[in-house]
């Protein structure tokens, strides 16, 4: 199986996504053209890749603005194709929000927000759109000795109400604050996670748990208070969070919370609690991690009466180079919404692998062009970025199906100074391999209605 055939095979699973066969064929053609395109991922450049720059382009734009399809259905083939990698165990996911720059005073959902890349001593602002993404963490470390591969399975914009102006009345300001609470990031992310749980049920994974690793921004009552139906959360908590054990006073049987409270930091400093060790695969090899574990923990202001598990991870020493002194990362404090069903080693491995979603965000912005296309229709602003992220997910899965998780000889050889460090192919390696197959065997694209010409693609990009 070639890389292109694996990619087209994933696109063929879109049977229930689009209303017509010709719409599905147009979407498949545009997706492959977007991956072959060089430079900014504009819809016009996608048409140039397809050799359609001299014909009417209206139908290509209407695919995103008028055609009745859901962005969530784009990821159904990615969900189904990623299930075999988890075997019979829980399905590990990672969730995080990202912000993409998008100007324009009339662009839907474009708001002024804090720039996450601004220095701590000077907060900068950026105008863009916030997205919430969930990715499946394929456990490739113990089987192929490479880091986990993160496959996007959901990508939705986060809406925020427009802030009223200086002359707004008190009623308008009160309405704005009410809408901010109703449309908070946590509530929209939780609804997205519940919809993703339903997608996995429809894919045949109704009996399996979703093990979801999230950052500290989602360690709040919005995520921890609701009933978790076959969903286990692993969230990074504050070191000064006030925790306690269930009350066991026979004189007060109705009391729920114990009087004595503690913090995750106090557990780390408690010498009476011994450190335990386990191994996780991180950074290309198995590493020993020290941790402390406390079960039957209650978080009164966050999870209420729901019993949690606290895992305190010790700082890990590291050296920037062999001759330098040792540095230490900050300790991590994790709250798990499961007491006994999930092993501590699996929970730690899921949270260590959660970093791979940051690789997704970088690739989607730098190489996939998640918001490069200058579309203005409200539906296009929502659906075209999800379409580009779905193409990225299909690209990663097609490489696993065609060549496996490791970096084989089928890819272009990296520079000599990188050959030892690169154990798995990067996003640029996958795009280069796809373009190489388009050059050597353009007949594979005949059923898409165009024959790619790399020289023409490069001239258009220049």
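Coordinate-derived values only; no laboratory data. Just so we're clear, the structure is a prediction, and the values are computed from it rather than from any experiment. When we count neighbours, we look across all protein chains shown, and the Cβ atoms used for this are built from the backbone with ideal geometry, even at glycine.
General observations
- With the cut-off at under 20 Å, measuring from each backbone N in the range 341-356 to a point 7 Å along the Cα-to-Cβ line of residue 418 picks out 356.
- Ranked for footprinting exposure by Cβ neighbours inside 10 Å, fewest first, 1, 126, 132 give 1, 126, 132.
- Contact order for the chain, expressed relative to its length and based on alpha carbon pairs under 8 Å spaced 6+ residues apart, stands at 21 percent.
- The orientation-averaged projected area of the convex hull spanned by the Cα atoms of the range 236-341 comes to 8.7 nm².
- Peptide ranges 306-316, 285-295, 322-332 listed from the most packed, as the mean C-beta count within 10 angstrom indicates: 306-316, 285-295, 322-332
- The range 286-351 and the range 184-227: distance between their alpha carbon centers, rounded to Å: 20
- Using the Cβ-Cβ distance between residue 432 and residue 358 with R0 = 22 Å, the FRET efficiency computed as 1/(1 + (r/R0)^6) comes to roughly 0.45.
- The chain: calculated mean residue ellipticity at 222 nm from DSSP helix runs of at least 4, using -39500 (n - 2.57): -10000 deg cm²/dmol
- Take 375-386, 157-168, 23-34 and order them by the average number of nearby Cβ atoms within 10 Å per residue, most first; the result is 23-34, 375-386, 157-168.
- What separates the Cα centres of the range 109-165 and the range 357-432 is a distance of 16 Å.
- Using the Cβ-Cβ distance between residue 455 and residue 327 with R0 set to 56 Å, the FRET efficiency from 1/(1 + (r/R0)^6) comes to roughly 0.70.
- Taking the longest Cα principal axis of the chain as reference, the axis of helix 185-202 is set at about 70 degrees.
- Using distinct alpha-carbon pairs, which all enter the 1/r mean, Kirkwood radius of the range 21-72 in Å: 11.4
- Helix 378-403 vs. the chain, principal-axis angle (Cα, 0 to 90°, nearest 10): 90
- Taking Cα atoms only, the orientation of helix 427-440 departs from the longest principal axis of the chain by about 20 degrees.
- Taken over the Cα atoms of the range 305-372, the convex hull encloses 157 Å³ per residue.
- Ordering 104-116, 133-145, 389-401, 217-229 by mean Cβ neighbour count within 10 Å, with the highest value first, yields 389-401, 133-145, 217-229, 104-116.
- Label selected from (i) 1.01; (ii) 1.42; (iii) 1.06, the criterion being Cα Rg over 2.2 N^0.38 Å as computed here: (iii)
- Annotation for residue 1 and residue 181: the two label points, set 7 Å from Cα along the Cα-Cβ direction, are 5.1 nm apart.
- Label positions at residue 56 and residue 13, each projected 7 Å from the Cα along the C-beta direction, are separated by 3.5 nm.
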